[in-house]
Amino acid sequence: MSPLIRLLASFIALMMAMGIGRFALTPQLPHLLSEGQIDLTAAGLIAAANYLGYFVGAVDAMFCRRPEQVRQRLLGGLWLCVLLTLASFWANGFWSHLLLRFGTGVASAWVLVMITALSQPLAAAAGRPRLGAVVFAGPGLGIFLTGLLALGSNLLGQTSATLWLVYAGVALVMLLGILPFLPQPSATVAVASSAAGSGNQGIGRLGVIYLLYGLGYIIPATFLSQMANAQFHGQWQADLFWPFFGLASAIGVVLVSLRRHNPNATRHWLMATLWLQAAGVFACLLGSGSGLALGVILCGTPFLACMQLVMQRSRELAPHATQRNAGLLTAFFALGQLAGPLLAALSSHFSGGLQPALIVAGSGLFIAGGLLLGPVSAGRGLCANGGAPTVQR
């Protein structure tokens, strides 16, 4: 089967698992709050449960050794995203939403790690590494789609339960469409994913950077719809911010994929994306519609591009441990994301708002960019596509 079809299926898999399974909570928060199901502090804890699940899924994915384990996690994650989103139709109150978001966190991490490990070597083997990079635009278009559906639901006066049902239906259609075309792992994944791999120098620092990135971006990404809803007093204009965040992030991936591919370029682009996001987080502190719009542009455009660049940098530093390091970095990322909503809950509880949490988030992104000022020598095989751990058919 054509590698391009496999890559398109990978793109749609991330679009569904991340855009719907993972980030559907963000446009739902204003509904859940207005319906009295939860308050802002509880919303932070529910988001934290989602990211705790993401951490658990990422750690589990690191230890997948056999091709059947990789396939089980990929398919299981995709189906769980559909089924748990459907189950959210009947959820009501704090504990039910918390447990369901934990489950979707596990599922989305499985999908992200497996799709990353399978799609990137496939793109390299086909001589189309830029298409491999564009796979990471999938979550952005997924966010755009969920945002438009939320806008339509708001205009029609629908409840959060109806919107969960719509999300589940769309996710099911997407999954059924891509099932025959997903990349398949070969037996070589067992050898490569278990190899510690020489040339892992710099992965620890990259993990810390990714942790700070997770902490920094997640507060505006989780509470953007709610901040816009408060600013525009529930008017339909508030629902425009989240889909445009997703659209900006997809555009950012395409722009970054056009860069020159060399280790220093990757490091410099990653530094720039982190600092742009820091500026976007601080813009959200302005407390105005224009500040939030600036936050959408400066946080949204580099959002997925930063994820793509981290995975690219990981392959440059350790090209023989793609799946292992994808899982390890995703676990670091999840820890940062877990800390973000907990910080937001504390900020809301003690100050009545998100301003202190936003200050910490922006500062974390600024520090993360600073950690890239000193270069790290890559291990043997600088080519990001060398030593691909997985061969697809």
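The values are calculated or read from the model by the stated rules, or taken from the named source; none is laboratory data. Just so we're clear, the structure is a prediction, and the values are computed from it rather than from any experiment. Counting neighbours? That spans all protein chains shown, and the Cβs are built from the backbone with ideal geometry, glycine included. In case anyone asks, the SASA skips ligands and DNA or RNA and just uses the protein heavy atoms, side chains included. Shrake-Rupley method; radii C 1.70, N 1.55, O 1.52, S 1.80 Å.
Data for the structure
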quantity: Whole-Hz couplings from phi, Karplus 6.51/-1.76/1.60, listed for the stretch 283-288; x for Gly and Pro; calculated: 5, 5, 6, 5, x, 9
quantity: Chain lengthening between GLN235 and LEU258 when straightened (0.36 nm per residue, less Cα-Cα); calculated: 4.5 nm
quantity: Accessible surface, the chain, averaged per residue in Å² (probe 1.4 Å); calculated: 35 Å²
quantity: Extreme residue, positive dipole direction of the chain, given options PRO139, VAL82, HIS97 (C-beta unit charges); calculated: PRO139
quantity: Loop-resident sites, the stretch 45-114, for trypsin sites (Lys or Arg not before Pro), counting at most 16 other Cβ within 10 Å (DSSP); calculated: ARG65
quantity: Test item: Cα-centred dipole of the chain, Lys/Arg +1 and Asp/Glu -1 on Cβ, debye; calculated: 1300 debye
quantity: C-alpha center-to-center spacing [the stretch 232-299, the stretch 127-167] in angstrom; calculated: 17 Å
quantity: Förster-model FRET efficiency, 25 Å R0, GLN158 and ALA293, C-beta, rounded to 0.05; calculated: 0.45
quantity: For Cα Rg over 2.2 N^0.38 Å, calculated from these coordinates, the label among [x] 0.99; [y] 1.03; [z] 0.91; calculated: [z]
quantity: Among SER119, THR273, SER249 the positive-end extreme of the charge dipole of the chain (Cβ point charges); calculated: SER119
quantity: The chain - percent of accessible surface contributed by carbon and sulfur, probe 1.4 Å; calculated: 71 percent
quantity: Dipole magnitude (debye, nearest 20) for the stretch 24-126, charges at Cβ of Lys, Arg, Asp, Glu; calculated: 380 debye
